[in-house]
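The values are calculated or read from the model by the stated rules, or taken from the named source; none is laboratory data. Keep in mind the model is a prediction, meaning the values are calculated, not measured. For neighbour counting, all protein chains shown are included, and Cβ atoms are generated from backbone atoms with ideal geometry for every residue, glycine included.
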Ligand code: GLN
């Protein structure tokens, strides 16, 4: 099949299903021409990249030059990116086709896509349910075959959560493994771009393209051009795996508990040694996560002031306060909430009680997980403690929503790599299992995920 035919078929499929699923905020009309160019290159014997003709969707918080990048916000409704994110340039070099920009919660804050200013995405397994978030559009587009793979961003679970809810593989790499240059920041000290794919091997394949040092992001680490695909079938024989007690606490859905137990048995059957481990600080992790991320969001979102970025730049008739009020008006409810929290928790007189305490929890949790990795090669837990729930069910209860992140935020707060692998289905709804490894042990993590898949 030619790149053109495959792209045409993909676009046709998108046009037939996306009205219902709403995975995309925009579809790339030029994709066919790009595919045609690739076919021409092949015909004339020119070298083509290894992603040639692959339709990939991109979460709408990553910049693709000359394309709209909205972050699913009214604030950036008409923002056209002037440059490519590093991940985009790397995939362009390999002749990937960016088929469209994927729906998300506004500025990646949320976990259901219901905070998208353009309406939620729907779970392909049950359209009454949320696909998870914030990279919900990414997971839906992969799960519903609207592309072959997607890139999302994971600040506190936003790649792994929707992957789990939509039965896809979702990867949050070691902090620094993938450049964040061109990713619109939410909480930059802990977030990473990560692939959403249908198989673990596809994730390893994409990591081979997009990881590595980047002079434009000084938090990137040198992975010495690691090949994540080679040895992917090495298995888990002899690996020691800790089962995180606090991530199967009371309130975990019985179907999720039983899927996790089955996953543990499977790994044991393959020669792994599994036993329970306690990470005490997990119980404070959600509180610490939302304190730290709101603080960083407050600072990162200050640029949307209608002077540098915004939607209406006329200052006529306004003084400072009313101008700022007008500038902020186009943020949705969740972003507004985070900005208010983010202004309060690090402020003079309150920082010691909230922000500094949150940093202490982050440090203690990191110490605990580092100690665990002295004993265990990997850790295991359900990705999300509950099954995909109905759209609208938790939208008015922000704290209930925050708590759904209990199993995912630890990897972000500690910088560790983590993957969600589709493992079971209960009442027609997918359940993902999460594995974590120590920093820079991404390759071993992928091998274990491959064994579990
Ligand atoms: N639900 C979390 C939040 O709203 C995670 C979001 C993310 O990972 N981008 O902050």
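Computed quantities for the displayed model
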| item | result |
| --- | --- |
| Residue 96 vs. criteria more than 14 Å from the ligand (Cβ to nearest atom), touching a residue at least 12 places away in the same chain (Cβ under 8 Å), surrounded by 23 or more Cβ atoms within 10 Å (Cβ to Cβ) and over 19 Å from residue 17 (Cα atoms) | yes |
| Some residue of segment 34-45 being at pLDDT 95 or above, under 26 Å from residue 170 (Cβ atoms), crowded, with 16+ Cβ neighbours inside 10 Å and in contact with a helix residue (DSSP H, G or I) (Cβ under 8 Å, 6 or more places away or on another chain) | no |
| Top-ranked residue of segment 398-412 - restricted to ones that are more than 9 Å from the ligand (Cβ to nearest atom) and at pLDDT below 95, ranked as surrounded by the fewest Cβ atoms within 10 Å (Cβ to Cβ) | 399 |
| Residue under evaluation residue 373, criteria (1) in contact with a strand residue (DSSP E or B) (Cβ under 6 Å, 6 or more places away or on another chain); (2) surrounded by 15 or more Cβ atoms within 10 Å (Cβ to Cβ), criterion not met | (1) |
| Count of residues meeting criterion [part of a loop (DSSP other than H, G, I, E, B) and without any contact (Cβ under 8 Å) to a residue 40 or more places away in the chain] in segment 315-342 | 6 |
| Qualifying position, being touching a strand residue (DSSP E or B) at 6+ places or on another chain (Cβ under 7 Å), within 15 Å of residue 21 (Cα to Cα) and buried (at least 24 other Cβ atoms within 10 Å of the Cβ), among 147, 129 | 147 |
| So residue 354, is it under 30 Å from the mean Cα position of the chain (by Cα), within 28 Å of residue 395 (Cβ to Cβ) and buried (at least 17 other Cβ atoms within 10 Å of the Cβ) | yes |
| Verdict on residue 70 being within 12 Å of residue 162 (Cβ to Cβ) and either away from the ligand (no atom under 16 Å from the Cβ) or in a loop (DSSP other than H, G, I, E, B) (or both) | no |
| Of all residues making up segment 186-236, the number that are outside any loop (DSSP other than H, G, I, E, B) and either free of Cβ contacts under 8 Å to residues at least 12 places away in the same chain or within 16 Å of the ligand (Cβ to nearest atom) (or both) | 5 |
| Residue within segment 136-159 that is farther than 20 Å from residue 27 by Cβ and more than 13 Å from the ligand (Cβ to nearest atom) present | no |
| Yes/no for residue 424 being within 11 Å of the ligand (Cβ to nearest atom), at negative phi, touching a strand residue (DSSP E or B) at 6+ places or on another chain (Cβ under 6 Å) and modelled with pLDDT of 95 or more | no |
| Selected residue (criterion: surrounded by the most Cβ atoms within 10 Å (Cβ to Cβ)) from residues of segment 8-24 that are within 16 Å of residue 391 (Cβ to Cβ) and in contact with a helix residue (DSSP H, G or I) (Cβ under 8 Å, 6 or more places away or on another chain) | 23 |
| Hits in segment 237-275 - residues which are closer than 17 Å to residue 432 by Cβ and in a strand (DSSP E or B) | 241, 243, 244 |
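Here is a yes/no grid of residues against (1) under 24 Å from residue 451 (Cα atoms); (2) away from the ligand (no atom under 16 Å from the Cβ); (3) surrounded by fewer than 21 Cβ atoms within 10 Å (Cβ to Cβ):
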site: 249; (1), (2), (3): no, yes, yes
site: 257; (1), (2), (3): yes, yes, yes
site: 270; (1), (2), (3): yes, yes, yes
site: 276; (1), (2), (3): yes, yes, yes
site: 285; (1), (2), (3): no, no, no
site: 288; (1), (2), (3): no, no, no
